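Have a look at the structure below before the remarks.
The values are calculated or read from the model by the stated rules, or taken from the named source; none is laboratory data. Just so you know, these numbers come straight off a predicted model, no measurement behind them. Glycine also receives a Cβ, built like all others from the backbone with ideal geometry; neighbour counts cover every protein chain displayed. Side chains included, ligands, DNA and RNA excluded: accessible areas come from the protein's heavy atoms. Shrake-Rupley method; radii C 1.70, N 1.55, O 1.52, S 1.80 Å.
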Amino acid sequence: MLEKLSGRVFLFCALLSVISLLLIVGFVFYKGSHPFVAEGYSFLDFIFGMDWVPSEDKFGIFPMIVASLFATMGALILGVPVGLFTAIFLAEIAPKRVAKIISPAVQLLAGIPSVLYGVFGLAIIVPFLQNNLGLVKGQSLLAVILVLAIMMLPTIVTVAETAIRAVPKMYREGSLALGASPIGTIFKVVVPAAKSGIMAAIVLGLGRAIGETMAVILVAGNSLILPTSLTDSVRPLTTNIALEMGYAFGTHQEMLFATGIVLFSFILLLNFVLAKIGSKGGK
Amino acid sequence: MRKFKDHLLRGCLWASAFLTVAVLIIIVGYIFYKGFRLIDFNFIFGDYSPVGHGGIWPMIVTTLYTIFISLIIATPIGILAAVYLQEYAKQGRLVRLIRYATESLTGIPSIIYGLFGAVFFVTTLKFGMSIIAASLTLTIIVLPVIIRTTEEALKTVPQSYREGSLALGTTKLQTLYKVILPSAMPGILSGIILSIGRIVGESAAIFLTAGTVAAMPDGIFSSARTLTVHSFLVTQESGDIELAAAVGIVLIVIILILNFLATFISKRLNKADY
Amino acid sequence: MGTTVIERKDGVRKSQMKQQSGGTKINVKDLDLFYGDKQALYKVALDIHEKEVTALIGPSGCGKSTFLRSLNRMNDLIDGVKITGDIMIDNENIYETNDVIKLRTKVGMVFQKPNLFPMSIYDNVAYGPRMQGIKSKKELNEIVEESLRGAAIWDEVKDRLKTSALGLSGGQQQRVCIARAIAMKPEIILMDEPTSALDPISTLKVEELIANMKKDYTIVIVTHNMQQAARVSDKTAFFLNGEIIEYDETNNIFSMPKDQRTEDYVTGRFG
Ligand SMILES: Nc1ncnc2c1ncn2[C@@H]1O[C@H](COP(=O)(O)OP(=O)(O)OP(=O)(O)O)[C@@H](O)[C@H]1O
Ligand SMILES: [Mg+2]
């Protein structure tokens, strides 16, 4: 009796995560699709529209999509190589004593609130760009990219390092015994063997970068223009939601949910692409 | 040629590691350098006031509230869900669905959780911008963390413990409470500590569900701001980097303590494991 | 399909069994067992006698453990196991009762590797009785001492009952496992290669113990060690590919096996 009942309770608890997911997806999609389904707004105009002026009933998020895309790509281009190389260094090359100090410290930094990276960005990176590049305003796409790249470093390093360390010793020994150099062994044997873990590290870092909101608000400048250079002030998708959610209502609020849907799809798409790249690299 | 390539790569590895470490040291160093002058007894335990840098006690209390409420809900649910997945379920479509849902929840960015919390807990359930709305949103955010770490911990419990106990004529439930969960406890606790870190670091979801009121909350139905949101707001609204950094120090110290606790507990309990 | 057969045969068998004096403790008929689609036991039939040691021998993978684990329904824990045929213990079909718990208190089990819980020695031995609801300190003390004495380990551990059980040597741990099983006051004890993880001296101790326990318990033991089977058992069953090839007095199995395959195996020519 008790056994049966407890089994049911456990099942219910497990189902709660399914229920939560359904609720989240349901609510966000219901709210976000409402303008297009019931109020006659065009979804294409929403995606490709250049102007976001809620007071004039203009809801175009193309500049934000571009900003999010550029910011994420830029952060990946800077953060992934540095992060992976650091992970390889810590796992394979660093003297044991050095790795023993650095690894936990980096792991710790993966846990500090991302807002602090934004605070640092605003206090140091933004003025630095402003002064050295002769900008009117240092808050820019480049500042976002730098902050995101730094922010994803600890995550990438920690996860990738664990993956590389998990590669069995015999792989290395096998390669070295065949006369390969230590560095050659690392890049030809160890890194490919840790590929799935490294992919996971990149996906996690990416997730952190693309979903980051508050740190980005501080350094993005938040202008509603289509970015054409790294020094333009930008407003990525996440930022748009956080900045306006506080006072939005009606269609305006629903359009913020629609922005959320786009962000959501964006993440699914990027993960999908990365998974594809990952599986191709394996063959 | 190959030698040259090897040297080049080795150089890149050293340079990258140096860069990473340098950047991270600069960030933490900067925050401590900027903020440490503000930190004293009154800053930590004083009430907030908009003039000067104000105390942060209300934000600390709010942060503790959110940790407490979300964990008190998420921990039992998460543990029991993991128990279901690892100990009770027959592997099949239902389990795959639950795993899929749990994984997907992990991948959702916090701003989306914020949107959901704002429309579901704040508006639909009429909690208003409040600690409770934020805590319930955080519950969903940390649930997958607790489920996953508990599952991992349950996986490490040797099958022989289960068989040994059941072969003595105990029920599944008795085996669970007396043998399996105690053995999995270190892993479960690390998961909970990890969740606390996640809650403390969260900003966007809380910003949209708890609001920004900078005062001591009257209870769980008042709007309030956590430490992390406070750090964000003082930077954004008044550019008070010193204050933001001082709050940042408090946050980093909390994370440090949590990490230390996690290591300590898992080491300690593993030993107590006889 | 199997169950209907069981039901029809049941009444008949019960009346037959009554006449067989107290001799037969476990009666297995037509036992087929599948792991998913893979059949692991084929029409196994066996009578195990009360207060005797019955050894199960055979090459690796032939189904000895599978058979043993079906006697206390430990196979229930594995997804996708299907069982047909019947196993009667004291004339009761163990797959027809719902009370697996009662079955397992009556049929104790000792595993290949000592599997003490991460608790003190005392708590390990008292674990089963406590789960049965025994709370009295005095009663538990008595059970623990009696069981540890029964497993010939009392003198070695009596001064460290409250210390971790995992600090004992492998051989000591295995005897505490036996004590833990005895503490349930079972009638039958199943042992799956109980000495395969032990050194020769510990093995001898456990074998002595088994010989002594025979007067109180019905013991079924799986072993890969021919000498061990010869030393400790009264009857021996030889398994091959999920079937019982030969079942007889241990002496006969080792000195004049009827089947060529049995002879090949016990003389070490294969397996
Ligand atoms: N959980 C399982 N799932 C699927 N097949 C199994 C399972 N357990 C055992 N088998 C299969 O059933 C057959 C009998 O296994 P069993 O463990 O009973 O052999 P055994 O005689 O005890 O061998 P050993 O001497 O190695 O312990 C083997 O072919 C084995 O692969
Ligand atoms: Mg076996």
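Across the alpha-carbon atoms of region B:152-194, the computed radius of gyration and Dmax are 11.1, 37 angstrom. Against the empirical curve 2.2 N^0.38 Å, the C-alpha radius of gyration of region A:37-131 lands at a ratio of 1.69. For region A:101-133 versus region A:4-74, the inter-centroid distance based on Cα atoms is 30 Å.
Given the -39500 (n - 2.57) contribution per DSSP H run of 4+ residues, what per-residue ellipticity at 222 nm results for chain C, rounded to the nearest 500 deg cm²/dmol?
Numbers: 11 runs with 109 residues, N = 271.
After summing the helix terms and dividing by the residues of chain C, the value is -12000 deg cm²/dmol.
Taking the three principal axes of the alpha carbon atoms in region B:70-177, the coordinate ranges are 53, 25, 19 Å, sorted in descending order.
Can you tell me the length gained on complete extension of the stretch residue B:97 to residue B:124, counting 0.36 nm per residue apart and subtracting the Cα distance?
Values: separation 27, 0.36 × 27 = 9.72 nm, distance 2.69 nm.
Additional length available on full extension: 7.0 nm.
Show that you can apply the helix-only estimate: for chain B, add -39,500 (n - 2.57) for every DSSP H stretch of four or more residues, divide by all residues, and state [θ] at 222 nm to the nearest 500.
Calculated mean residue ellipticity at 222 nm is -24000 deg cm²/dmol.
Taking all protein chains into account, the per residue accessible area for region A:68-243 stands at 38 Å² (1.4 Å probe). Between residue C:243 and C:42, the built amide H atoms are under 5 Å apart, and every one of these is 5 or more places off in sequence or on another chain.
Hey, any idea what the orientation-averaged projected area of the convex hull of region C:108-229's Cα atoms comes to, in nm²?
Values: hull surface 27.4 nm².
Mean shadow area of the hull around the Cα atoms is 6.9 nm².
With a sphere of radius 12 Å drawn around the Cβ of residue B:176, what net charge do the other residues whose Cβ falls strictly inside it have (Lys, Arg +1; Asp, Glu -1)?
+1
Extents of region B:53-273, largest first, come to 66, 40, 29 Å (Cα atoms, principal axes, whole angstrom). Each chain gives up part of its surface: B and A jointly bury about 6200 Å² of accessible area, both sides summed, for a 1.4 Å probe.
Compared with the direct C-alpha span, the chain from residue B:238 to residue B:49 gains 66.7 nm at full extension, assuming 0.36 nm per residue.
Grouping the Cα pair distances of region B:182-254 into 5 Å bins from zero gives a pair-distance distribution of 3, 15, 20, 20, 17, 10, 7, 4, 2, 1, 0 percent in increasing distance order.
Taking only C-alpha pairs under 8 Å that are 6+ residues apart, what is the relative contact order of chain A in percent? Numbers along the way, then the final one.
Details: 355 pairs, mean separation 73.5, N = 283.
This gives 26 percent for chain A.
Modelled this way, with points 7 Å down the Cα-to-C-beta line, the labels at residue C:241 and residue B:37 are 8.8 nm from one another.
Against the empirical 2.2 N^0.38 Å (N residues), chain C has a Cα radius of gyration ratio of 1.02. Eigenvalues of the alpha-carbon gyration tensor of region A:201-283, scaled by 5 and square-rooted, set the equivalent ellipsoid semi-axes at 28, 17, 11 angstrom, largest first.
Residues of region C:85-109 whose accessible area, computed with a 1.4 Å probe over protein heavy atoms, drops by at least 10 Å² once all protein chains are present relative to their chain alone are C:101, C:104, C:109.
Summarise the accessible area of the protein assembly as shown (1.4 Å probe, protein heavy atoms) by the percent that is carbon and sulfur.
Working: 22570 of 36250 Å².
C and S atoms contribute 62 percent here.
P(r) tail for region A:79-229, what percent of Cα pairs lie past 28 Å? In whole percent, the share of Cα-Cα pairs in region A:79-229 beyond 28 Å is 33.
So with the 1.4 Å probe, I'd like the accessible area per residue for region B:53-273, rounded to whole Å².
Numbers: 7980 Å² over 221 residues.
Normalised by residue count, the accessible surface of region B:53-273 is 36 Å².
Gyration tensor over the Cα atoms of chain A: the corresponding equivalent ellipsoid has semi-axes (square roots of 5 times the eigenvalues, largest first) of 38, 28, 17 Å. Cross-link reach is defined here as a Cα-Cα straight distance under 13 Å, omitting same-chain residues fewer than 8 places apart; for residue C:235 the aspartates and glutamates meeting it are C:47, C:50, C:52, C:246, C:248, C:249.
Expressed per residue, the C-alpha convex hull volume of region B:1-124 stands at 263 Å³.
The calculated P(r) of the protein assembly as shown, using every Cα pair and 10 Å bins from 0, goes 2, 11, 18, 19, 15, 13, 11, 7, 3, 1, 0 in percent. The Cα atoms of region B:49-99 cover 60, 17, 10 Å along the three principal axes, with the biggest extent listed first.
Below 11 angstrom from the Cβ of residue A:41, what's the summed charge of the other residues (Lys, Arg +1; Asp, Glu -1)?
Values: positive: A:58; negative: A:39, A:45, A:57, A:254.
Local net charge: -3.
Find out how many positive minus negative residues lie around residue B:99, taking Lys and Arg as positive, Asp and Glu as negative, among other residues whose Cβ is under 14 Å from that of residue B:99. Don't jump to the answer; show the numbers that get you there.
Numbers: positive: B:90, B:93, B:96, B:148, B:155; negative: B:103, B:151, B:152.
With Lys, Arg at +1 and Asp, Glu at -1, the net is +2.
Less than 20 Å from a label point 7 Å out along the Cα-to-Cβ axis of residue B:12: which backbone N atoms in region A:56-94 qualify, by residue? Answer for this model: A:73-94. Exposure here means at most 14 other Cβ atoms within 10 Å; with chymotrypsin sites (Phe, Trp or Tyr not before Pro) in a DSSP loop as sites, the longest stretch of chain A lacking them is A:1-246. Evaluate E = 1/(1 + (r/R0)^6) for residue A:5 and residue C:162, where r is the Cβ-Cβ distance and R0 equals 30 Å; express this FRET efficiency to the nearest 0.05. Between residue A:5 and residue C:162 the formula returns 0.25.
For chain B, the relative contact order is 27 percent, taking Cα pairs closer than 8 Å that sit 6 or more residues apart in sequence and dividing their mean separation by the residue count. Report the paramagnetic label zone for residue B:26: residues of region A:101-118 whose backbone N is under 15 Å from a point 7 Å from Cα along the Cα-to-Cβ axis. Only A:117-118 fall inside the zone, counting backbone N under 15 Å.
Entry note, chain A: the mean residue ellipticity at 222 nm calculated from DSSP H runs of n ≥ 4, each adding -39500 (n - 2.57), is -23500 deg cm²/dmol after division by the residues and rounding to the nearest 500. Gain on full extension, evaluated as 0.36 nm per residue between residue B:221 and residue B:90 minus their Cα-Cα distance, stands at 43.0 nm. Each of residue C:208 and residue B:4 was given a label point 7 Å from its Cα along the Cα-to-Cβ line. The distance between the two points is 7.8 nm. Here the calculated FRET efficiency for residue B:57 and residue A:23, from their Cβ-Cβ distance with R0 = 30 Å, stands at 0.30, rounded to the nearest 0.05. Placing dummy labels 7 Å off each Cα toward the beta-carbon, the span from residue A:53 to residue C:215 is 10.4 nm. Measuring between their Cα centroids, region C:232-261 and region C:58-100 lie 21 Å from each other. Spherically averaged projected area of the convex hull of Cα atoms, region C:167-271: 7.3 nm². Think of the protein assembly as shown as a dipole: +1 on every Lys or Arg Cβ, -1 on every Asp or Glu Cβ, centred on the Cα centre; then among B:203, B:264, A:245, B:264 lies furthest on the positive end.
At a probe radius of 1.4 angstrom, the accessible area of chain C per residue rounds to 45 square angstrom.
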